[in-house]
Amino acid sequence: MIDKRVSSAAEAVADVRDGATVMIGGFGEAGSPVELIHALIDQGVRGLTVISNNTGSGEVGLAALLKEKRVSKVICSFPRTANSTVFPELYRSGFTELELVPQGTLAERIRAGGAGIPAFFTPTGVGTPLGEGKELRTIDGREYLLEYGLHADFALIKGRAADTHGNVLYNKTARNFGPIMAMAAKTSVVQVEHIVAAGELDPETIVTPGIFVSRVIEIAKPAHESELVAAGVTYP
Amino acid sequence: MTTEASTIGWTRDEMAQRLALDIANGLYVNLGIGIPELVAKHVPEGRTLIYHTENGLLGMGPSPRDGDGDPELINAGKRQVSANPGAAYFHHADSFSMIRGGHLDLSVLGALQVAQNGDLANWSTGEPDAIPAVGGAMDLVAGVKMVYVITQHTTKTGEPKLVESCTYPLTGRGVVDRIYTDLAVIDVTPDGFQVVELGPGVEFETVKAQTGAPLRPAP
């Protein structure tokens with residue numbers, strides 16, 4: 001019998017090792033797996049490379065992971081928020097390296113990594129500072145940049161519901177990077193509000209098929225980052 | 001110059017209204033953060049546009065009233081929005097396939113500078129201490145069929161934003177089709193900037209004086 005459930009967020013991230021590459025889902029707070037990130041902070045791992053669209057807000061979730069100096073590099077499209085000074089300080093001090101990637105290139109690099117495509121050509125970024133040093137190819141009269149697929153050891157993702165086989169549904173715009181990160185990581189961990197038995201989700205509605213998911217963990221009432229920040233919560 | 005600017009030309013809302021007039025019914029449109037967002041308020045009666053937000057929604061609707069929103073239903077500016085009837089959610093690779101694959105009709109963006117050949121700079125002033133952040137702008141200008149820029153004609157200090165060549169880091173090369181400023185609507189043509197329409201009370205010579213590249217009058 002297949003059952004991908006784990007009983008705690010701590011168990012879900014227990015085997016993340018120092019120096020690991022971790023994809024973290026979310027666009028701003030939508031889809032940010034706050035409880036899994038907090039479990040990663042508790043676990044103590046260091047020297048991480050984090051692949052995520054943003055760098056968190058306030059001092060909870062992803063921003064807290066950064067603030068605890070667990071992240072040596074971020075691969076990211078928009079590492080700026082109105083209400084967090086955590087990443088700017090780490091970046092300016094040189095503690096955390098930044099690889100800035102246009103958002104669509106970031107998404108496609110993740111998708112490619114999960115799809116067995118080692119690299120691809122894209123028109124995005126040609127003639128800009130983010131294209132400098134990259135291989136250029138002219139195809140049908142237009143210039144393209146060579147970009148490489150991204151892989152990770154772990155992906156931490158937030159969904160709405162899952163079944164015991166790891167099939168996942170999402171909530172609205174919280175889907176964002178979840179489905180492609182699940183594909184691109186060796187071990188994909190998805191926190192959802194409820195888990196049902198295999199067979200209870202309509203196969204026609206599955207967004208992420210269970211083959212891409214290693215572990216599911218039920219977090220019945222996930223925290224919303226903006227509410228934690230508004231309440232002045234910091235983690236740990 | 002500031003006194004003059006406040007009495008002639010278009011306000012921000014009027015700029016957005018002028019731009020909205022040029023969007024045909026049924027187009028798939030991505031509006032950037034800031035003045036571009038105002039365009040949605042001014043779409044003429046009888047036209048329906050389908051708004052794309054790159055974080056995974058086609059059919060974006062207005063922001064809900066306080067307390068009615070969902071923190072997981074947001075736009076690219078991370079503000080809470082709604083989903084109109086007929087909306088669809090999708091993941092980021094699909095979203096940027098819509099953008100890069102040329103499926104979206106129009107992208108409306110702000111600008112730091114636009115060059116006479118259509119180069120756009122809108123993501124970084126290149127200051128060494130700034131935190132670089134690019135988001136989806138480079139993908140939008142590389143892939144969307146038409147790119148309209150909406151911006152004040154000059155910077156707050158009166159420097160031209162329409163220039164011979166951009167001094168700020170580029171977002172894309174030769175990507176801008178048309179510019180809507182407080183003073184004029186201007187096309188980027190193979191021969192450079194060309195006025196399409198002057199704002200109310202605006203003389204061609206006034207626009208020319210505030211443009212950092214050759215400017216041709218409306219034909």
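The values are calculated or read from the model by the stated rules, or taken from the named source; none is laboratory data. If you're wondering where the values come from, they're calculated on a predicted model, not measured in any experiment. In this analysis, Cβ positions are derived from the backbone assuming ideal geometry, glycine residues included, and neighbour counts consider all displayed protein chains. The protein model used for the area step is the full one, side chains on, heavy atoms only, and it has no ligands, DNA or RNA in it. Shrake-Rupley method; radii C 1.70, N 1.55, O 1.52, S 1.80 Å.
Numbers at a glance
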item: Residues of the range B:119-140 that turn out to be more than 8 Å from chain A (Cβ to nearest Cβ), closer than 26 Å to B:Gln17 by Cβ and open to solvent by 10 Å² or more (accessible area, probe 1.4 Å), as a count; result: 1
item: Criterion (closer than 25 Å to A:Arg111 by Cα, of a type outside the set (Lys, Arg) and exposed (fewer than 15 other Cβ atoms within 10 Å of the Cβ)) met by exactly one of A:Glu200, A:Glu204, A:Glu227; result: A:Glu204
item: Candidate set: the range B:78-111, residues that are of a type outside the set (Ser, Thr, Tyr), more than 22 Å from A:Gly125 (Cβ to Cβ) and within 12 Å of chain A (Cβ to nearest Cβ); chosen: the one surrounded by the most Cβ atoms within 10 Å (Cβ to Cβ); result: B:Val81
item: From B:Pro71, B:Pro85, B:Pro36, B:Pro44, residue being in a helix (DSSP H, G or I) and at pLDDT 95 or above; result: B:Pro36
item: Residue that is touching a helix residue (DSSP H, G or I) at 6+ places or on another chain (Cβ under 8 Å) and facing another protein chain (nearest Cβ under 10 Å), where the choices are B:Thr151, B:Thr181, B:Thr171; result: B:Thr171
item: Unmet requirement for A:Gly125, which otherwise passes all of (1) at the interface with chain B (Cβ under 7 Å from one of its Cβ atoms); (2) at positive phi; (3) within 21 Å of the chain's Cα centre (by Cα); result: (3)
item: Residues within the range B:26-73 that are more than 14 Å from chain A (Cβ to nearest Cβ), more than 19 Å from the chain's Cα centre (by Cα) and at positive phi, tallied; result: 1
item: Sole residue being free of Cβ contacts under 8 Å to residues at least 40 places away in the same chain, surrounded by fewer than 17 Cβ atoms within 10 Å (Cβ to Cβ), outside any strand (DSSP E or B) and within 14 Å of chain B (Cβ to nearest Cβ), chosen from A:Ala63, A:Ala82; result: A:Ala82
item: Filter result (of a type in the set (S, T, N, Q) and part of a loop (DSSP other than H, G, I, E, B)) within the range A:195-229; result: A:Ser214
item: Residue count for the range A:6-38, restricted to those that are under 17 Å from the mean Cα position of the chain (by Cα) and part of a strand (DSSP E or B); result: 6
item: Residue count for the range A:140-171, restricted to those that are open to solvent by 70 Å² or more (accessible area, probe 1.4 Å) and farther than 20 Å from A:Ser77 by Cβ; result: 5
item: Residue count for the range A:1-60, restricted to those that are polar (S, T, N, Q), more than 14 Å from chain B (Cβ to nearest Cβ) and within 14 Å of A:Phe154 (Cα to Cα); result: 2
item: Identity of the residue in the range A:102-119, within 14 Å of the chain's Cα centre (by Cα) and not polar (S, T, N, Q), that ends up surrounded by the fewest Cβ atoms within 10 Å (Cβ to Cβ); result: A:Gly113
item: Check on A:Ser77, under 26 Å from A:Glu132 (Cα atoms), in contact (Cβ under 8 Å) with a residue 24 or more places away in the chain, open to solvent by less than 10 Å² (accessible area, probe 1.4 Å) and among the hydroxyl-bearing types (Ser, Thr, Tyr); result: yes
item: Qualifying residue in the range A:92-100 (condition: touching an Asp or Glu at 6+ places or on another chain (Cβ under 9 Å) and open to solvent by 10 Å² or more (accessible area, probe 1.4 Å)); result: yes
item: Qualifying positions in the range B:10-33 - out of contact with any His (no Cβ under 9 Å at 6 or more places or on another chain), assigned to a helix (DSSP H, G or I) and aliphatic (A, V, I, L, M); result: B:Met15
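Per-residue answers, yes or no, for (1) free of Cβ contacts under 8 Å to residues at least 12 places away in the same chain; (2) open to solvent by less than 30 Å² (accessible area, probe 1.4 Å); (3) closer than 18 Å to B:Leu19 by Cβ:
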| residue | (1), (2), (3) |
| --- | --- |
| B:Asn117 | no, no, no |
| B:Val149 | no, yes, yes |
| B:Ile186 | no, yes, yes |
| B:Glu197 | no, no, yes |
